[in-house]
1. Taking the Cα centroid of region 186-264 and of region 55-97, what is the distance between the two, rounded to the nearest whole Å?
2. First obtain the Kirkwood hydrodynamic radius of region 154-201 from its Cα pairs, then insert it into the Stokes-Einstein equation at 37 °C and 0.692 mPa s, and state the resulting D in µm² per second as a whole number.
3. Applying the Karplus parametrisation 6.51 cos²θ - 1.76 cosθ + 1.60 with θ = phi - 60° to the phi angles of region 570-585, what ³J(HN,Hα) value in whole Hz is obtained for each residue in order, glycine and proline being reported as x?
4. Work through the residues other than D294 whose Cβ is under 11 Å from its Cβ and net out their charges, Lys, Arg +1 and Asp, Glu -1.
5. So for region 108-252, considering every pair of alpha-carbon atoms, how many percent are separated by more than 17 Å?
6. Along the Cα→Cβ direction, 7 angstrom out, place labels at L55 and L91. What is the inter-label distance in nm?
7. Quick one: which of 300-308, 26-34, 105-113, 423-431 comes out on top by average Cβ neighbours within 10 Å, and what's the full order, highest first?
8. Any idea how far the Cα center of region 127-182 sits from the one of region 560-601, in Å?
Amino acid sequence: MNGQPRKETQRDPVEEIDKIHESVRARATQLEALTQRFTELSRKHGELDARTASLSGTVRSVGARTESLESRLDEVRSDLDRVTGDVAGLLEQYARDQAVLTARFELSRVTEEWRETFGGRRRIRDLARRLVRRVTPESVRQGSIDTADIDRSVREHLLQDPGFWLAHAMIAVSARLAGNDEFERVAARQAQELAPGRTPLFLALVAAKSGDHARAGDRMEEYLREADPDRLGGDFLAVLDATAAMELGERAHTRVRAALERWAADAAGLHAASGAGGGRWRARLEGLPTPPGDAYAPFDRACAQWSELRRGLELADVTQATLAHLRKEFPPRAAEPEATGHRTPYAEAAVDRLIDHMDPDEAAMHAAMGRWNYYIAHDADEEAARREHDRLLDADADVMDVATLLDHAVFRPSLIALGDDARRLVLGTVLDGIRTTAEELAQRSRRLRPRTVTVTIEGWSAELPADLAVPVDERGLAEELTAELRTRAETEAGAVRPRQPRRIGGVMGGAAALVLALFLLDGALVWLGMVLGVAAVVWGLLDIARVPAERRRALAAGTARSARAQQELGLVLDRRIRFFADWDSRLALRAALRDWSPGSR
């Protein structure tokens, strides 16, 4: 069976064609269905395009409305912020108004309390001013002052305010004017217990106004015993002016001057005990001279000891600067102040200060009233009110120690409210100390002055005497300087030597290049070798001309340097004479400072 050929299956062509037609019909049916599906999808696509276009328009409309809404929201938000700010401002202003209203209430309460407690003191102060104005030697002799009215008014006040010192002091003045010495002592003692520092000063000033300078001097001594030299206020400055103008008489003048001298000595002792040394006026006097600047150039540049010399000159200048300052601040005057019982402007100003001076409890309440007033004036701005209050307190705080008083009166008069007579009185208590300090600084200046000074110019140095009486051989110094610089220039010129390696190397190298070019090279290389050889020979031979040229330049530079040095030497010698002459002239003013006097008491 394996060897027989297999019979092929015979297919009918008609059946095959039918199958093909049937397949074509099936495909056509499928194509028709697909066509219908495509048509349906196309229609739906068109509908979707239309809906998409509609939706796009809707979206654009919504977007425009959204932008409009956002713009309106921004406007609303801005309006809301503005309204919020206005509301916050109104709330803040309301709070300030409430605070101001509260402050007004507190101010009214404190003011009413002050009036109830201290309001009557204003009448006593006005009465005291009128009394002081009317007290004169003539009114005391004539008895024209009605002491009964004074007693009656003051006693009515004392029933309500027995702790007011001025009322008791007024009773003491009235009793003295009436001749009742015992009652005067009792009233004065009561006032003294209430105001130990102010009572004797008030009584002294009133006594001086009445012409009783002896009593004024005794009361002034009591006042000075109670005064604190570490806390001297405006009252003491006014008294100092009155005393220096001789408005309180010779005895008060003597008491005040003695107290100032005692306080000044105590302040100087404390200054020395602190370890500062050299006297309490040293720092002030050393600050008076003006720095020399470039007045002595080029001596300062050439001198090796310039820092010590400058310090010595500044110390020597202290005497001149001190004398110039004293002559400027305390010029001569026509006449000395004379004692008088009629015209007492300084004494009246001092009394006014005492009368207006408040006791601590009254001052505390008055300060509280001031703080509330500032608080209201600044619309409840507490910080601004505090700054204003502190500024006015600082302006009124004229308390100082005696050392500051002495310093300001003599050296810084713009910082203290003192008249010319008072400043002269202060100067008289410290002038000896100023002179002593100036003399000590002058002696120190003399110790700093060397016997010789060393000057250096262009590396050449020489010693010159500091004493101008010792002659200086200027020509010899110039010749020595010239010789030194000439020797240095010749040495520099002689140091220029021929460079044998250059000469030998250049000539030999050039000759070798020429031989090589002529015998071993050809073409363009021959010319190149010849050019290089000639250049090498010329380079080597040029060293022969270099040596004399550099030597001539070295000698010329030495000559120019010598000319500059000679000019510099002349200036140094001239400025040296000026410098030590100024030093001597300023030290010579020590006698003038010792003999100078302000011409005041």
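1. Taking the Cα centre of each part, region 186-264 and region 55-97 sit 76 Å apart.
2. The diffusion coefficient I find is 316 µm²/s.
3. With the stated coefficients, region 570-585 comes to x, 5, 4, 5, 5, 5, 4, 4, 5, 4, 6, 5, 5, 4, 5, 5 Hz.
4. Its environment carries a net charge of +1.
5. For region 108-252, the share of Cα pairs beyond 17 Å comes to 62 percent.
6. Reported label-point gap for L55 and L91 is 4.8 nm.
7. 423-431, 300-308, 105-113, 26-34
8. Region 127-182 and region 560-601 have Cα centres spaced 67 Å from each other.
The values are calculated or read from the model by the stated rules, or taken from the named source; none is laboratory data. Keep in mind that this is a model prediction, so the values were computed, not measured. Positions of Cβ are generated from backbone atoms using ideal geometry, with glycine treated the same way; all protein chains shown enter the neighbour counts. Only protein heavy atoms, including side chains, enter the accessible area calculation; ligands, DNA and RNA are left aside. Shrake-Rupley method; radii C 1.70, N 1.55, O 1.52, S 1.80 Å.
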